[in-house]
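Have a look at the structure below before the remarks.
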Amino acid sequence: MHNSGVESASSVGRRRDVVLLGSTGSIGTQAVDIVARNPDRFGVCALAAGGGNPGLLARQAIDLGAEAVAVANPAAMPELRAALATLGSADGARRKLPELTAGADAVADLATRPCDVVLNAVTGAVGLAATLSAIEAGRVLALANKESLIMGGPLVADRAAPGQIVPVDSEHSAIAQCLRGGRAAEVRRLIITASGGPFLHRSRAELAGVTPEQALAHPTWNMGPVITVNSATLVNKGLELIEAHLLFGVGFDRIAVVVHRQSVIHSMVEFTDGSTLAQASPPDMRIPIALGLGWPDRVPAAAAPVDWTQAHTWTFEPLDEEAFPAVSLARQAGAAGGTAPAIYNAANEVCVAAFLAEQIPFAGIVDTVAQVVSEHHDPAGGSVELADVLAADAWARDRARELTGKQ
């Protein structure tokens, strides 16, 4: 399923139909902005969201002319239906309203609709079913849902055709772009960059008194609480390490993580002749989102470029794995394979919630995740089915709650 050297034919000049899953979240709303600014390039035929913001979902559906809308939470349906009715008849117009469905299966079903690309920006495990549906339907998948690869890595990897998955995460998008510069056999290693989070250069002892407020103060990105804490612990880089292995088919021994404080170089590829290609852009997710929608073609003016008329200083330094052991733990979980990455991810989410509730210290997040990972024995023996993944996820959450006292 890796993208090394894979490019589909150019689609410039032909409008692409997009199914947008997770349209009301951060990635989804930025994708809507790209589509709205490029009506000659993209059209949205279907939308899905969790249901937490039915008013926004209805507005998106009317503005984009979506034919179908799904919500994961059926309880959101009455408010969504009412909002659509109001917006559909605004200004005396009688707009055609979309077909509505609800439930987790409804979101996954949208991924099978005829379209050119499915953007999966759904949050959480529900995104895995949508990913599998899109792959099995033969759709190009612009992937922003981390659970699809972290929980369902073997399931997804075994089913996806080469080049079928286009990564939307900024680091993996950067790698995909850099891989265009050489053949797969010429790749020596992948280098994932990390901002270092708010606690860069602190020792493990100095991390003992970190508060939730401090952990939520990211130096570069504006993200949700779980992702922001994951950046502080470097768990996010551990997850990206596992995803890079699955996306590009490169062994864990050939994937490095380095700290790049400025977050302008989003990742690099080192080739066998000593050359390194890096992808640079301001920290703006609209660039990888637009590329995911238009792959392999770029979308003009997706976001502002680096201003090369100004002075810039970029720094790179090794990761302190004693203070931040999350990456090495992810490397172990990824190498173990099976459901181990799902255990890592699920335990971490519970531990982050416990830390934010001040039930465990900052260092206790990764320490507890390590204990849960060490206690898990994979009954699947390397052959993983969806039921195995879901069972492992549930077990890890229960065990992490026991260890953290978070019920």
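What follows draws every value from the coordinates through simple rules; no lab data is involved. Keep in mind that what you see is a predicted model, and the values were worked out from it rather than measured. So basically every Cβ, Gly included, is an ideal-geometry build from the backbone, and we count neighbours across all protein chains shown.
A few notes on this one:
- Proximal charge balance of GLU240 [Cβ under 10 Å; K/R count +1, D/E count -1]: -1
- Panel order for SER133, SER328, by other beta carbons found within 10 Å of each beta carbon, from fewest to most: SER328, SER133.
- Each label was represented as a point 7 Å from its Cα along the Cα-to-Cβ direction; for ARG180 and THR86 these points are 4.4 nm apart.
- Only Lys, Arg, Asp and Glu carry charge here, each on its Cβ (+1 for the first two, -1 for the last two); on that basis the stretch 16-168 has a dipole of about 200 debye about its Cα centre.
- Listed by Cβ neighbour count within 10 Å, with the fewest neighbours leading, LYS146, LYS96 appear as LYS96, LYS146.
- Ranked by how many other Cβ atoms sit within 10 Å of their own Cβ, fewest first, the residues TRP395, TRP308, TRP314 fall in the order TRP308, TRP314, TRP395.
- Three-way shape call for the stretch 31-138 based on the alpha-carbon gyration tensor, with the a/c threshold at 1.5: oblate
- The chain: DSSP helices with Cα axial extent of at least 18 Å and average Kyte-Doolittle hydropathy no lower than 1.0: 340-356, 362-375
- Overall Cα dimensions of the chain, principal axis frame, Å, largest first: 65, 52, 44
- Prolate/oblate/rounded label for the stretch 116-177 (Cα gyration tensor, a/c 1.5): rounded
- Peptide packing: for 194-203, 291-300, the average count of neighbouring Cβ atoms within 10 Å per residue gives the ranking 291-300, 194-203, highest mean first.
- Look at the alpha carbon pairs under 8 Å that are at least 6 residues apart: their mean separation over the length of the chain gives a relative contact order of 16 percent.
- Put the Cα centre of the stretch 316-393 next to the Cα centre of the stretch 254-313 and the gap is 28 Å.
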